[in-house]
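The values are calculated or read from the model by the stated rules, or taken from the named source; none is laboratory data. Worth saying up front: this structure is predicted, and the values here are computed from it rather than measured. For neighbour counting, all protein chains shown are included, and Cβ atoms are generated from backbone atoms with ideal geometry for every residue, glycine included. Please note that ligands, DNA and RNA were not included when accessible areas were found on the heavy atoms of the full protein model with its side chains. Shrake-Rupley method; radii C 1.70, N 1.55, O 1.52, S 1.80 Å.
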Amino acid sequence: MKKLILLLLVVSCAQELPVVETVEKESFQQLMKKDYPLIDVRTPQEFSGGHIKNAVNIDFNAPSFKDQISELDREQPFLIYCAAGGRSAKAASLMNSMGFKKVYELKGGFRDW
């Protein structure tokens with residue numbers, strides 16, 4: 001009986017880490033040092049006007065966005081950003097629903113970079 005109570009206590013106290021975390025610029029920069037893939041979900045025009053070094057552009061508004069994202073390794077943590085945070089939040093939510101294990105979103109997007 002004591003083992004059952006202990007097991008229930010441990011299970012009830014266990015908390016899953018969130019799949020999507022919105023992080024400040026400084027934390028994002030630290031995560032970049034881990035060489036996680038970096039995705040810019042802005043349009044190609046926005047991307048060509050400036051982007052974070054080593055970012056790959058996958059346009060959230062493109063009809064092929066979901067197909068492109070579905071080809072990525074869901075076990076791999078990803079860093080994502082957009083212009084101000086709206087599209088990257090939607091992209092992160094989509095990635096969460098597709099079974100990605102961890103997505104870090106840049107708070108404030110490229111504008112706050």
Point to revise | Rounded accessible area per residue of the chain, 1.4 Å, Å² | key: 64
Check your understanding: Taking a 21 Å limit on the Cα-Cα distance, which of the listed pairs Lys34/Lys107; Lys34/Lys101; Lys25/Lys66; Lys34/Lys90; Lys34/Lys66; Lys25/Lys90 fall beyond it?
Key -> Lys25/Lys66; Lys34/Lys90; Lys34/Lys66
Review point. Once both axes come from the Cα atoms, what is the angle between helix 2-13 and the longest principal axis of the chain, in degrees from 0 to 90, rounded to 10?
Key: 20
Exercise for review: Take every Cα pair under 8 Å in the chain that's 6+ residues apart, average their separations, divide by the length, and report that relative contact order as a whole percent.
Suggested key: 33
Check your understanding: Could you give the nm distance between label points at Tyr36 and Val23, where each point is 7 Å from its Cα heading toward the beta carbon?
Key -> 0.5
Review point. Counting only the heavy atoms of the protein chains, how much of Glu26 is accessible to a 1.4 Å probe, in Å² to the nearest 10?
Key: 120
Point to revise | Sequence of Thr43, Thr22 from largest to smallest accessible area, 1.4 Å probe | key: Thr22, Thr43
Practice item. Could you please report the charge total around Phe100, scoring K, R as +1 and D, E as -1 over all other residues with beta-carbon less than 11 angstrom from its beta-carbon? Key: +1
**Study point:** Rg/Rh ratio calculated on Cα atoms of the chain (Kirkwood radius)
**Key:** 1.12
Exercise for review: Scan around Ile80 for amide H atoms under 5 Å from its own, H built in the peptide plane at 1.01 Å from N, and keep only partners 5 or more places away or cross-chain.
Suggested key: Ile39, Tyr104, Glu105, Leu106
